[in-house]
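Reading through the structure tokens given below for one structure.
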Amino acid sequence: MTATDRQAHWQNVYSTKAETELSWYEDTPEFSLSLLREAGLNPELCVIDVGGGASRLVDALLASGQTHVSVLDLSSAALATAQSRLENAKRVHWIVSDVTVWTPDRQYDFWHDRAAFHFLTATADQQAYARVLSHAVKKGGKVIIGTFAIDGPEKCSGLPVIRHSAESIQAVLGEHFELASTRRHEHTTPWGAVQNFQFSTFEKVADADAS
């Protein structure tokens, strides 16, 4: 699937369905918040939610006093849904882009991705994601990537996914990132189905051009 195809798919999803009709909906993203806090997030650090869509993580981050928040998604309709909920939406840096072709204009202390990476089924797209991530994250920065676990669903929103372990993500990110922790998580969809996820946290230990 090309970047253009991905954008068309997700624009249609977010234009035709309410957020509570989507399998990944969470009223309160407590698991992601706990991982960010454990990794050292504080209000002065920069965090980006990659593939954030209409997620309520941005609401929670702003409510907790986070001052440097960015949300990236390839669907402008998804970001519009999130913006419409927030009285202080102008405090957020909203980015409409496919992460595989995005050129970051700043660096971040925290990169959070809940269920975007696993839609990249082509090796070239995974490698492009890793290159962008490496440019976007500061040395010493933390990367949290959540995907369907090895025993999780094989599809989501009608699309195939790659189910991951911490080791398979590490293989894509390469030697400049070091695994700090990994956890399983059971997400319950709005209609009661349980989906098995894994969330892995990495630290950027070196820049790509370091020897």
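The values are calculated or read from the model by the stated rules, or taken from the named source; none is laboratory data. If you're wondering where the values come from, they're calculated on a predicted model, not measured in any experiment. Glycine gets a Cβ as well: all are built from the backbone with ideal geometry, and neighbour counts include every protein chain shown.
For ASP49, work out the one condition from (1) surrounded by fewer than 23 Cβ atoms within 10 Å (Cβ to Cβ); (2) touching a residue at least 24 places away in the same chain (Cβ under 8 Å); (3) closer than 23 Å to LEU173 by Cα it doesn't fulfil.
Only one criterion in (1) surrounded by fewer than 23 Cβ atoms within 10 Å (Cβ to Cβ); (2) touching a residue at least 24 places away in the same chain (Cβ under 8 Å); (3) closer than 23 Å to LEU173 by Cα is unmet by ASP49, namely (1).
What number goes with the only condition from (1) in a helix (DSSP H, G or I); (2) within 19 Å of PHE199 (Cα to Cα) that THR121 does not pass?
Of everything listed in (1) in a helix (DSSP H, G or I); (2) within 19 Å of PHE199 (Cα to Cα), THR121 misses just condition (1).
Has the range 34-52 got any residue that is farther than 24 Å from PRO160 by Cβ and touching a helix residue (DSSP H, G or I) at 6+ places or on another chain (Cβ under 6 Å)?
Step one: filter the range 34-52 for residues farther than 24 Å from PRO160 by Cβ, giving 34-48.
With the extra rule that they be touching a helix residue (DSSP H, G or I) at 6+ places or on another chain (Cβ under 6 Å), the set shrinks to none.
Taking every residue of the range 34-52 in turn, none turns out to be farther than 24 Å from PRO160 by Cβ and touching a helix residue (DSSP H, G or I) at 6+ places or on another chain (Cβ under 6 Å).
Is it fair to say ILE162 is more than 16 Å from the chain's Cα centre (by Cα), closer than 25 Å to LEU22 by Cβ and in a loop (DSSP other than H, G, I, E, B)? Full working, then the answer.
Values: more than 16 Å from the chain's Cα centre (by Cα): no; closer than 25 Å to LEU22 by Cβ: yes; in a loop (DSSP other than H, G, I, E, B): yes.
Considered against the rule, which asks whether it is more than 16 Å from the chain's Cα centre (by Cα), closer than 25 Å to LEU22 by Cβ and in a loop (DSSP other than H, G, I, E, B), ILE162 comes out as no.
Among the listed residues LEU61, LEU35, LEU57, which satisfies the condition of being in contact (Cβ under 8 Å) with a residue 60 or more places away in the chain, farther than 24 Å from ALA124 by Cα and surrounded by 21 or more Cβ atoms within 10 Å (Cβ to Cβ)?
Result: LEU35 is the single residue among LEU61, LEU35, LEU57 that is in contact (Cβ under 8 Å) with a residue 60 or more places away in the chain, farther than 24 Å from ALA124 by Cα and surrounded by 21 or more Cβ atoms within 10 Å (Cβ to Cβ).
Select from the range 1-18 the residues that are among the hydrophobic types (A, V, I, L, M, F, W, C) and at pLDDT 90 or above and list them in ascending order. Steps first, please.
First, pick out the residues of the range 1-18 that are among the hydrophobic types (A, V, I, L, M, F, W, C): 1, 3, 8, 10, 13, 18.
Answer for the range 1-18, where residues must be among the hydrophobic types (A, V, I, L, M, F, W, C) and at pLDDT 90 or above: ALA8, TRP10, VAL13, ALA18.
Is it the case, given these coordinates, that ARG131 is in a helix (DSSP H, G or I), over 13 Å from the mean Cα position of the chain (by Cα) and surrounded by fewer than 20 Cβ atoms within 10 Å (Cβ to Cβ)?
Values: in a helix (DSSP H, G or I): yes; over 13 Å from the mean Cα position of the chain (by Cα): yes; surrounded by fewer than 20 Cβ atoms within 10 Å (Cβ to Cβ): yes.
Judged against the criteria, ARG131 is a match.
Which members of the range 136-158 meet the condition of being in contact with a His (Cβ under 9 Å, 6 or more places away or on another chain) and either modelled with pLDDT under 95 or assigned to a loop (DSSP other than H, G, I, E, B) (or both)?
Of everything in the range 136-158, those that are in contact with a His (Cβ under 9 Å, 6 or more places away or on another chain) and either modelled with pLDDT under 95 or assigned to a loop (DSSP other than H, G, I, E, B) (or both) turn out to be ALA149, ILE150, GLY152, SER157, GLY158.
Report whether or not ALA8 is in contact (Cβ under 8 Å) with a residue 60 or more places away in the chain and either assigned to a helix (DSSP H, G or I) or out of contact with any strand residue (DSSP E or B) (no Cβ under 6 Å at 6 or more places or on another chain) (or both).
Numbers: in contact (Cβ under 8 Å) with a residue 60 or more places away in the chain: no; either assigned to a helix (DSSP H, G or I) or out of contact with any strand residue (DSSP E or B) (no Cβ under 6 Å at 6 or more places or on another chain) (or both): yes.
No, not satisfied.
Which pairs have Cβ atoms under 8 Å, sit 6 or more apart or on different chains, and link a residue in the range 141-160 that is under 16 Å from ARG6 (Cβ atoms) to one that is surrounded by fewer than 11 Cβ atoms within 10 Å (Cβ to Cβ)?
PRO160/GLU154
Give the residue, chosen from ASP59, ASP73, that is acidic (Asp, Glu) and touching a strand residue (DSSP E or B) at 6+ places or on another chain (Cβ under 9 Å). Break it down into steps so the answer makes sense when it comes.
Numbers: ASP59 fails: touching a strand residue (DSSP E or B) at 6+ places or on another chain (Cβ under 9 Å).
Criteria check complete, one pass: ASP73.
If I ask for residues that are among the hydroxyl-bearing types (Ser, Thr, Tyr) and on the phi > 0 side of the Ramachandran plot, which ones from the range 143-167 would you list? Before the answer, list the steps.
Going through the range 143-167, the residues among the hydroxyl-bearing types (Ser, Thr, Tyr) turn out to be 147, 157, 165.
SER157, the sole residue that qualifies.
For the range 153-188, which positions are loosely packed, with under 15 Cβ neighbours inside 10 Å and closer than 17 Å to PRO29 by Cα?
Hits for the range 153-188 are ARG184, GLU186, THR188.
Going through the range 90-121 one residue at a time, which ones are buried (at least 20 other Cβ atoms within 10 Å of the Cβ) and either on the phi > 0 side of the Ramachandran plot or of a type in the set (S, T, N, Q) (or both)?
THR100, ALA115
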